[in-house]
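Only the coordinates and a few stated rules stand behind these numbers; no lab work does. Remember, predicted model here, so these are calculated numbers, not experimental data. Here Cβ is always computed from backbone atoms with ideal geometry, including for glycine, and neighbour counts include all displayed protein chains.
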Amino acid sequence: MVLLQTLWTFILGHAPLLHSPLFPVLFSLSLYLSFCLPFLLLDLLAPRLVLVRRFKLQPQSSVSWSSAGSCLVLTLYNHLIFILPLTVLNCYLRPVQLPEQAPPLPRLLAQVLVCLLLFDFQSFTWHLVHHKVPWLYRTVHKLHHTYSSTWALSTEYSEVWETLSLGLFAAASPVLLGCHPLTQMSFFVLNIWLSVEAHCGYDLPWATHRLVPLGLYGGARHHDLHHLRSRYNFAPYFTHWDRLFGTLCTQA
């Protein structure tokens, strides 16, 4: 509790930044690009180093500078043209409230987990529908499947409707639960990291799915298989919904 309060007091010292309507976009973009960077470095090293290539889920694939540029441009376009105006509007309609006290650690951890489970369910449902309805797949989701081999910057290579939908799911869950701003920020950080990791294209020894027991969490291999075999693995993170609906695939 003392550590959380110290962190929250430090964050409160930057209250003008938190109240800025630009903050949500700057926060999410900077996190996203920062989390992508280590995996992009691995992509640069993979053709030269066997040690790196051995962890690549599809060793025969490679990332071109033109592909990286296309993904980056589309990400910036979606954020600046569509997400930014919506976040500015939201900031004026729902001004940020910054309480003096940090949340208790058990509550923060529990609410982050619930937010993650809610987002996983919402994304699974959205994803399944957009694969089962041909018109939705062609007009909305097909762009994200441009790459049959996942890599970090392909995480947000998607039509604006997809980007806005997933962004709405992520933003709505903490609001529905009445989460403290620090809890919301913690969830956003974790969610962006897990999303990038799921698309990174590497099965690393310290990957999240290796830390969660009993195959409850799919991780990068789970989602890479979805890009290879698009009839399976619709949940972004956990595996229970795919198990329940018979859409779980564990090998190519």
Report the percentage of all Cα-Cα pairs in region 2-245 whose separation exceeds 24 Å, rounded to a whole percent.
49
Once the other residues with Cβ under 13 Å from the Cβ of Phe39 are scored (Lys, Arg +1; Asp, Glu -1), what is the net sum?
-3
Cα→Cβ-extended label distance, 7 Å offset, between Leu37 and Glu159, nm
3.3
Sequence-separation-based contact order of the chain, relative, with Cα cut under 8 Å and 6+ spacing, percent:
23
Placing each pseudo-label 7 Å from Cα in the direction of the beta carbon, Leu76 and Leu176 end up separated by a distance in nanometres of 3.5
At 7 Å along Cα-to-Cβ for each site, give me the label-to-label distance between Leu26 and Gln97 in nm.
2.5
If you stretched the chain out fully between Val114 and Ser66, how much longer would it get, using 0.36 nm times the residue separation minus the C-alpha to C-alpha distance?
13.4 nm
How would you rank 19-25, 192-198, highest first, on the average number of other Cβ atoms within 10 Å across their residues?
192-198, 19-25
Residue-normalised 222 nm signal for the chain, counting each DSSP H run of n ≥ 4 as -39,500 (n - 2.57), nearest 500 deg cm²/dmol, is -19000 deg cm²/dmol
